[in-house]
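In what follows, a structure is listed as structure tokens, so that the remarks can point back to it.
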Amino acid sequence: MPRWGMRWPALLCLALCGCGEGRSLPDAQATGAELAPIAALGKKIFEDPSLSASGTLACQTCHDPAHAHADPRAVSIGGVDMAQTGTRNAPSIRYLDQTPAFFFHDEGTPVGGFNRDGRADTLGLQARRPILSANEMANDTAQAFADRLRQATYASDFTAAFGAQIFDDADATLDRATFAIERYELEDPKFHQYSSKYDDFLRGRAKLTEAEIRGLALFNNPQKGNCAACHPSGIGPGGAPPLFTDFTYDNLGVPRNAEIAANADAGFFDLGLCGPSREDLADRADLCGAFKVPTLRNVAVTAPYFHNGRFATLKEALQFYVRRDTNPEAFYPADPFDDLPPALHGNVNTSEVPYDRQPGDAPRLSDDEIDDLIAFLTTLTDADLRP
């Protein structure tokens, strides 16, 4: 089944191919820039484990700067006792500043939003959920969070920014705290550096190796990797750097992950856009199983992969992409698409390259070509994360 309607990158006028040296591209942003006071306050909140019920879990625990602000664990682990497991892998929160609020394009394509299912319309709303989630920071009410923030060493900075009486209103306290986190993520250049080797290549300041060039060609080739169809790689209007996401959603039939405690219940399914975490699209069966297309910037350092952290390495993830349909027995112990109810198997993308194969067909990419593709994807790593 193909994805919905027209592709969002066409609306953004982002090139899918034709990248090359010498094109105009903004310089990488400095990572040591001084933050405005509210953004600096947001950084303190983001890094503070005392704001959780356990006293040990901060925002950056699941969005680790050493892993491009992603979680190297399959799923989050938190709660009052730090023993409650979640159902999704926490993705990187770098390069989210251009993400639009969730909407449906005229042709029915779901676009934008934050979280894996797009249910938050801003970075601030995205930050609110883990603060109150029972299996993460586990503040059972806004008041519990406000009381913890009132005891923080920087509480005076908070009142200086938002008024001496701010702690008298718990809901307002939570709202201002998540706003500060949002400002931190928007203002701190480390969240959107554009400092990768590939960025320098587009600026004409670096050369790709032969393997990296072959990998870029495979990435863009609509009959091979076809990655650029969802992860545009070209320079945009005015020299805008590529974001490597089209902000849309896709259903890939990712295998069930036995590491997720909730999956011990055979009747539990994480269906992305249509729930259970998101509730407003519960009646849209056609959207069930679709998750947001992430940016591929820093993909080489953000393992594990997919919404459920099912694949531990980038090579495993790419092998799944190209062999899911040619060798389904390698990924599913019994029936294909085992993390979806059978009635929804028709939602899985089985028509677009590289998913248009049948058992016994040759995969769209060989093992050597996968290695070349990985070589290219490694060029998308920010400067602060390169060896």
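The values are calculated or read from the model by the stated rules, or taken from the named source; none is laboratory data. For clarity, every value in this text was computed on a predicted model and none was experimentally measured. Cβ atoms come from the backbone with ideal geometry, glycine included; neighbour counts cover every protein chain shown.
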message = Condition (residue is in contact with a Gly (Cβ under 7 Å, 6 or more places away or on another chain) and outside any loop (DSSP other than H, G, I, E, B)) applied to region 346-354: is it met by at least one residue?
response = yes
Within region 1-35, residues hydrophobic (A, V, I, L, M, F, W, C), in contact with a Lys or Arg (Cβ under 8 Å, 6 or more places away or on another chain) and either modelled with pLDDT under 85 or surrounded by fewer than 14 Cβ atoms within 10 Å (Cβ to Cβ) (or both) come out as Leu25
(request) Would you mind stating whether Asp81 is in the same structural domain as Ser54 (by TED's automatic domain parsing), modelled with pLDDT of 95 or more and either closer than 24 Å to Phe311 by Cα or surrounded by fewer than 16 Cβ atoms within 10 Å (Cβ to Cβ) (or both)? (result) yes
Checking Leu373, Leu340, Leu318, Leu380 in turn, the sole residue that is assigned to a loop (DSSP other than H, G, I, E, B) and under 19 Å from Pro304 (Cα atoms) turns out to be Leu380
Residue hits (region 330-342; free of Cβ contacts under 8 Å to residues at least 40 places away in the same chain and either surrounded by 19 or more Cβ atoms within 10 Å (Cβ to Cβ) or small (Gly, Ala, Ser) (or both)) are Ala330, Ala334
Item checked: Qualifying residue in region 355-362 (condition: of a type outside the set (A, V, I, L, M, F, W, C), surrounded by 14 or more Cβ atoms within 10 Å (Cβ to Cβ) and touching a Gly at 6+ places or on another chain (Cβ under 7 Å)) -> no
If we keep only residues of region 130-169 that are in contact with a strand residue (DSSP E or B) (Cβ under 7 Å, 6 or more places away or on another chain) and surrounded by 15 or more Cβ atoms within 10 Å (Cβ to Cβ), then the residue nearest to Glu47 (Cα to Cα) is Met137
Being within 27 Å of Arg310 (Cα to Cα) and either surrounded by 23 or more Cβ atoms within 10 Å (Cβ to Cβ) or touching a Ser or Thr at 6+ places or on another chain (Cβ under 7 Å) (or both) narrows Gly124, Gly86 down to just Gly86
If we keep only residues of region 363-374 that are crowded, with 20+ Cβ neighbours inside 10 Å and within 24 Å of the chain's Cα centre (by Cα), then the residue farthest from Gly234 (Cα to Cα) is Ile370
Filtering region 284-293 down to residues that are in contact (Cβ under 8 Å) with a residue 12 or more places away in the chain, in a loop (DSSP other than H, G, I, E, B) and either surrounded by 23 or more Cβ atoms within 10 Å (Cβ to Cβ) or more than 10 Å from the chain's Cα centre (by Cα) (or both) yields Cys288, Gly289
Taking region 103-160 and the residues there that are basic (Lys, Arg) and outside any helix (DSSP H, G or I), the one that is farthest from Phe244 (Cα to Cα) would be Arg119
Q: Assess whether Asn298 counts as being touching a residue at least 12 places away in the same chain (Cβ under 8 Å), over 22 Å from Thr87 (Cβ atoms) and touching a strand residue (DSSP E or B) at 6+ places or on another chain (Cβ under 9 Å).
A: yes
In region 95-115, residues that are surrounded by fewer than 23 Cβ atoms within 10 Å (Cβ to Cβ) and either over 21 Å from Gly289 (Cα atoms) or touching a Gly at 6+ places or on another chain (Cβ under 8 Å) (or both) total 13
By residue number, the members of region 176-228 that are free of Cβ contacts under 8 Å to residues at least 60 places away in the same chain, farther than 30 Å from Asp367 by Cβ and in contact with a helix residue (DSSP H, G or I) (Cβ under 8 Å, 6 or more places away or on another chain) are Arg176, Thr178
